[in-house]
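See below for the structure under consideration.
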Amino acid sequence: MNRKIPTEDDWAEYDREFVLDLDVNYARGQFFGKSNAEMLPQYKDHVLMRAEDLHWMPKKPFQYYVFGFRDYVRNGDFGFYESSDAASAFLSLILQKLKEQPDHILPVIPELMKDLEYIASNQEIYEADTDIYGNFMDVYNEIRSLAKHT
């Protein structure tokens, strides 16, 4: 699908949803006007911060930038000790959106399912110890269940 960088109007949605929320404003400051390709280096060494930014975004920016986050996790060009955090944060973000703001994620979840399955099925590639990060397949199965029933 051809996606366009979110516009001022797309970001203005936060005024209606969050009324000057500092987290939304911060996310906007990090991402506004940038393509997913331009944002890829911003995930390196800051993946948890960028994941949090995505969490607070209005619907249209989220639906655009979640694919950049996916690309970062799938490409594997991680900062030091970041692969496990990146994979876990991506899965957690999707699950959280399904639980809290399904209207943000449901329109794009079909395009993400193969990637979510790949990440969950390859937990060892991401060096994510199950004692620390839990079982990625459990998260994926919950995502799949919620996506079907929401």
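The values are calculated or read from the model by the stated rules, or taken from the named source; none is laboratory data. Predicted model, so just to flag it, every value in this text is computed and none were measured. With ideal geometry, Cβ positions are generated from the backbone for all residues, glycine too; neighbour counts draw on all protein chains shown. Please note that ligands, DNA and RNA were not included when accessible areas were found on the heavy atoms of the full protein model with its side chains. Shrake-Rupley method; radii C 1.70, N 1.55, O 1.52, S 1.80 Å.
Taking R0 as 25 Å, what's the FRET efficiency between SER92 and ILE125 from their Cβ-Cβ distance, rounded to 0.05? Write out the running numbers ahead of the final one.
Working: r = 18 Å, r/R0 = 0.70.
For R0 = 25 Å, the calculated efficiency reads 0.90.
Quick check on the chain: helices-only [θ] at 222 nm, where DSSP H runs of length 4 and up contribute -39,500 (n - 2.57) each and the sum goes over total residues. Nearest 500, please. It would help to have the intermediate numbers written out before the result.
Working: 10 runs with 108 residues, N = 150.
Helix-only estimate at 222 nm: -21500 deg cm²/dmol.
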Accessible surface, per residue, of the chain when the full set of protein chains is kept, probe 1.4 Å, Å²: 52
Stokes-Einstein D in µm²/s, Kirkwood radius over Cα pairs - the chain at 25 °C with 0.890 mPa s viscosity: 158
Whole-Å distance, taken between Cα centres, linking segment 76-140 and segment 52-74: 13
Cα coordinate range in segment 90-142, projected on the principal axes (Å, largest first): 32, 20, 14
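Per the 1.4 Å probe, what fraction of the accessible area of the chain, in percent, lies on carbon and sulfur atoms?
Carbon and sulfur atoms account for 50 percent of the accessible area of the chain.
Stretch LEU22-HIS149 to full length: gain in nm at 0.36 nm per residue minus the Cα-Cα span? Before the final figure, lay out the partial values.
Working: separation 127, 0.36 × 127 = 45.72 nm, distance 3.24 nm.
Gain on stretching LEU22 to HIS149: 42.5 nm.
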